[in-house]
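Before any comments, here is the structure.
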Amino acid sequence: MSGLTIGEAIRRIQTASGVEPQEDTVDTLKAGDPSQPLRGVLVCFTATADVIREAAACGANLIVTHEPTWYSHLDETKGLEDDPVYLAKRALVDGHGLAIWRFHDDWHRRRPDGIQEGMLRRLGWPAPADGGHGAVVQLPEQPLREVVRQLKERLGVSHVRVVGDSEWIVSRIAMQVGAPGGERQMQAAMRDDVDAVLCGETVEWMTAEYVRDAALLGRRRALLVVGHFHSESVGMDYLAEWIAPLLGGAPVAYAASGDPYLYL
Ligand SMILES: [Zn+2]
């Protein structure tokens, strides 16, 4: 037992992030009672039914998730009230007395962006001077296929979707982890000081087609798409490590929810 309540644990994480609290945030409790004593924390990219079962099995009663639990950015449950998937998941969470808290906005708003920092640490790539989301990382000049090899090997991705040519020499990589939207990804590709844009989830009809046309019109840019899970999970694995010393000795673990896709 940590001597902390769930609510106190959440406040400690928020305070340690150094980010000014804001009213307009998705970082709220999605289930559970903050006055309950904290028994343990399971950190994840998204609280799938399997992650919820794992939390219960390991005795944790707080899940810290990056993505929504109820399938929309604000976790609104309107329209889901009678849905069997929603009801079964809600019963699973409530039945085990679990709290689910989302830590998304402030982990990204922290400087450096916690998700991006976790990914760069895993990749062994240098931290950019501006550590905010969307920073450009400077690597030694190398063929695009070498960057892809590192992504596959170090992030455990089986496939990277690429727009561009694997033999192009690149060095300046714009970090567009997660799903910041097609416009922001396009703006990254439009910059003069970027060779490749590294995306989590992209917008195919915007970003991918812009990058394809750019090359066809003599302005060489590459797009690397690793998927949303693989672009942010290591940043949540890093969060687990980062919060462990803050919570009065409560056990903290990371659960890999995994990529939702099979590649058949
Ligand atoms: Zn994110």
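Just subtract the alpha-carbon distance of D213 and R172 from 0.36 nm times their residue separation and send over the number in nm, one decimal.
Numbers: separation 41, 0.36 × 41 = 14.76 nm, distance 1.96 nm.
The D213-R172 span can extend by a further 12.8 nm.
Residues of the stretch 177-238: accessible area per residue at 1.4 Å, in Å²?
43 Å²
Peptides 30-39, 230-239 ordered by packing proxy, namely the average of other Cβ atoms within 10 Å per residue, highest first: 230-239, 30-39. Relative contact order of the stretch 125-226: 28 percent, from C-alpha pairs under 8 Å at least 6 residues apart in sequence.
DSSP loop (so not H, G, I, E, B), at most 12 other Cβ within 10 Å: list which chymotrypsin sites (Phe, Trp or Tyr not before Pro) in the stretch 25-77 pass both filters.
Values: sites: F45, W70, Y71; in loops: F45, W70, Y71.
Answer by residue number: there is no such site.
Using the Stokes-Einstein relation with a Kirkwood hydrodynamic radius computed over Cα pairs, the translational diffusion coefficient of the stretch 125-226 at 20 °C and a viscosity of 1.002 mPa s comes to 160 µm²/s.
Taken over the stretch 38-157, the convex hull of the Cα atoms encloses 144 Å³ per residue. The residue list V148, C199, V177 was ranked by how far each Cα lies along the charge dipole of the stretch 125-226 toward its positive end, using unit charges on Cβ atoms, and V148 comes out on top. One decimal place: the segment R11-H73 gains 20.1 nm when fully extended, by the rule 0.36 nm per residue minus the C-alpha distance. Charging the Cβ of each Asp and Glu at -1 and of each Lys and Arg at +1, and nothing else, the dipole of the stretch 161-234 about its Cα centre rounds to 100 debye. Placing unit charges on the Cβ atoms only, positive for Lys and Arg and negative for Asp and Glu, gives the chain a dipole magnitude near 580 debye about its Cα centre. Just so you know, the Cα atoms of the chain work out to an Rg and Dmax of 19.4, 62 Å.
Carbon and sulfur together cover what percent of the accessible area of the chain at a 1.4 Å probe radius? Mind dumping the intermediate values first?
Details: 6490 of 12630 Å².
About 51 percent, which is the carbon plus sulfur part of the accessible surface.
Adding -39500 (n - 2.57) for every DSSP H run of four residues or longer, then dividing by how many residues the chain holds, sets the calculated 222 nm ellipticity at -10500 deg cm²/dmol.
If I stretch the segment between R122 and D24 completely, what's the gain in nm (0.36 nm per residue apart, minus their alpha carbon distance), one decimal? Walk me through the numbers before you get to the answer.
On the way: separation 98, 0.36 × 98 = 35.28 nm, distance 3.09 nm.
Full extension of this stretch gives 32.2 nm more.
In the stretch 57-127, which GluC sites (Glu not before Pro) fall in coil by DSSP and have 10 or fewer other Cβ atoms within 10 Å? Answer in residue order: E81.
The values are calculated or read from the model by the stated rules, or taken from the named source; none is laboratory data. Everything numeric in this text was worked out from a predicted model, so none of it was measured. No Cβ is skipped: glycine too gets one built from the backbone with ideal geometry, and neighbour counts run over all protein chains shown. Quick note on the areas: whole protein, heavy atoms, side chains included, nothing else; ligands and nucleic acids left out. Shrake-Rupley method; radii C 1.70, N 1.55, O 1.52, S 1.80 Å.
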